[in-house]
Amino acid sequence: MQVKKIAVLTSGGDSPGMNAAIRAVVRTGIFHNLEVFAVERGFNGLMEGQFRPMNLSSVGGILHRGGTILKTSRSERFKTKEGLNIALQKLKELEIDGVVAIGGDGTLRGIRDLSKLGVKTIGIPATIDNDLPETDMAIGVDTALNTVIEAIDKIKDTASSHQRAFVVEVMGRNSGYLALMGGIAGGVEVILIPEIPYNLPEISLKLKEGYQRGKTHCIIIIAEGVGKTNEIYKYLEDEIGFETRVTILGYLQRGGSPSAFDRILASRLGGASVELLLKGETGKMVGLIGNKIEATDLETVLSQQKTISQDIYNLALVLAK
């Protein structure tokens, strides 16, 4: 069946560059003479029929904006058979042939289930955790990483001035990508991520050796998924005697104008998603592999777990002296 109408939505946590992807989907669709609809508030809006027609002007001036103009949400109801059938009915009412969904793991699972009901679906990876397989980078990762590095640089200034230890917590429930890459780029002394066990006595010995060499500060970056930020802070204060401060970057990492890399990546992925729908493809995620945009079955993506490169982690250990 030839695709004539498509819809685009964003779901789950927002990430910088989502608007660039929305823009690319809309404008690529219109270029191919498709009717394009936007869905407000993710899968909740899909079930509630919150559609609006899009034109070229609808996505004007959004390329540089963070967040998502379509708003986003998480939906437990959409995971149920009832919720999926309601969404399917709403799509049928408007005779929408294909759906492009922009988001992370939960978003991809949602459109995987929708595709099983006969809807053509393509997923675009957008999550600052960069925890999705079959893509080197997800939309928003580069911008979030630069936010982390900027924060570390500023914290390092005050840490040196006061000869303090700083514990910096970054996002990453299951993935230590932001912490690892941010730690390398920011030149921190210790990097703690969910994938690699750590030993506090070994860390304390390393930090003491650094101070004995004349270091005037120390920064520990920790992914939130480690879940021990306060414990590490107390250990440094009580067991080692370092005056320590904690900085939790939190949702600061989600916001801000997307970097050039994220704008280009989002544009490429958004355009490719529409091209795939036009070819009759469904149940796939578009991703960046090498410097090419590749499509992978959603089942393949969701059956895997992205891992941290041990070589990169080993490099971080060598550099963090």
Scan the chain and report its longest stretch carrying no GluC sites (Glu not before Pro) that are both in a DSSP loop and have at most 13 other Cβ atoms within 10 Å. 96-242
With the 8 Å Cα cutoff and a minimum separation of six or more residues, the range 27-77 has a relative contact order in percent of 40 percent
Of all DSSP beta bridges in the chain, antiparallel share, percent nearest 5: 20 percent
Interchain or long-range residues, amide H under 5 Å from G172's placed H: E224, G225
If you line up the long axis of helix 177-186 against the longest principal axis of the chain, both from Cα atoms, how many degrees apart are they, to the nearest 10? 50 degrees
Using alpha carbon centers only, the range 64-112 is separated from the range 167-228 by a whole-angstrom value of 37 Å
Rounded to the nearest 500, what is the chain's calculated 222 nm mean residue ellipticity when only DSSP H runs of at least 4 contribute -39500 (n - 2.57) each, over all residues? -12500 deg cm²/dmol
Let me have the relative contact order for the range 138-187, percent, based on Cα pairs under 8 Å that are six or more residues apart. 47 percent
Compute the helix-to-body angle for 141-162: its Cα long axis versus the longest principal axis of the chain, expressed 0 to 90° and rounded to tens. 20 degrees
The chain: angle of helix 81-93 to the longest principal axis, Cα-based, in degrees nearest 10: 50 degrees
So, relative contact order of the chain in percent, Cα under 8 Å, 6 or more apart, is 24 percent
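Since every read-out is calculated from the coordinates, none of them should be taken as a lab result. Small disclaimer: the values here were computed from a predicted structure and weren't measured. A quick note on method: Cβ atoms are made from the backbone with ideal geometry, for glycine too, and the neighbour counts reach across all protein chains shown.
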